[in-house]
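The values are calculated or read from the model by the stated rules, or taken from the named source; none is laboratory data. Treat the numbers as computed from the prediction; the structure is a model and nothing was measured. Glycine gets a Cβ as well: all are built from the backbone with ideal geometry, and neighbour counts include every protein chain shown.
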Amino acid sequence: MPTPPLATLPVRATLGGVLLRDWAPDDAAALAHHANDRRIWRNLRDQFPSPYTLLDAERWIAYVATMAPRTAFAIAVDGHAVGGVGWVCRPDVEHVGAELGYWVGAAYWGKGIATAAVRAATRLAFDRHPELLRLFALPYGSNAASARVLEKAGYTLEGRLRRNARKDGVVEDSLMYAILREEVAGA
């Protein structure tokens, strides 16, 4: 039997008891539950809905299933989806980079889950995309917890983009964190 193309291979990347895996239709209720939290929405891009409904979750899971290559995954703890992580490959001359995004349900904050997920996703992105030389993330300047996650995962603060984003009516700085392929252990 021939090997399936990379885009359709299931993902099961484990690091520190945290599992990255493909989203499944039966994750919809957990996704809606954890994502429907204004504290989550406050730190993400506006395309992440608030309130976050079961229909939003079902649509997201259906969309992700069509991705080729797949770049968005569930963060699972004890078999249950508790957040999400993924990356967006850049176009044109920036095709050597991808932007990483992640979130974890508030009940799972402060447990190292986001850090483990970011580390696993970083390795997965570099493994799946040989052309990538860097991954970057742009947390809001007010999100110290997210900045700390990136630092613990080996990302370097490259700079501050002053007054770069408007979220919830507030103009914010963004922080540019990045990691290069050669900075990832085993790369």
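For region 21-37, check the following and say yes or no: at least one residue is within 21 Å of Ala147 (Cβ to Cβ), in a loop (DSSP other than H, G, I, E, B) and in contact with a helix residue (DSSP H, G or I) (Cβ under 6 Å, 6 or more places away or on another chain). Scanning region 21-37, I find at least one residue that is within 21 Å of Ala147 (Cβ to Cβ), in a loop (DSSP other than H, G, I, E, B) and in contact with a helix residue (DSSP H, G or I) (Cβ under 6 Å, 6 or more places away or on another chain), so the answer is yes. Here is the figure for region 117-141: residues that are more than 15 Å from Met176 (Cβ to Cβ) and small (Gly, Ala, Ser) total 4. Taking the criterion of being of a type in the set (A, V, I, L, M) and either over 27 Å from Glu172 (Cβ atoms) or surrounded by fewer than 17 Cβ atoms within 10 Å (Cβ to Cβ) (or both), the residues of region 25-51 that qualify are Ala28, Ala29, Ala30.
If I ask for residues that are farther than 23 Å from Pro69 by Cβ and of a type in the set (A, V, I, L, M), which ones from region 124-149 would you list?
Hits for region 124-149 are Ala144, Ala145, Ala147, Val149.
One residue stands out among those in region 146-160 that are in a loop (DSSP other than H, G, I, E, B) and not hydrophobic (A, V, I, L, M, F, W, C): the one that is surrounded by the fewest Cβ atoms within 10 Å (Cβ to Cβ), which is Gly154.
Residue-level check: of (1) modelled with pLDDT of 95 or more; (2) closer than 24 Å to Arg123 by Cβ, Ala35 misses just (2).
Residues of region 55-90 that are within 20 Å of Ala106 (Cβ to Cβ) and not aliphatic (A, V, I, L, M): Asp56, Trp60, Phe73, Asp78, Gly79, His80, Gly83, Gly84, Gly86.
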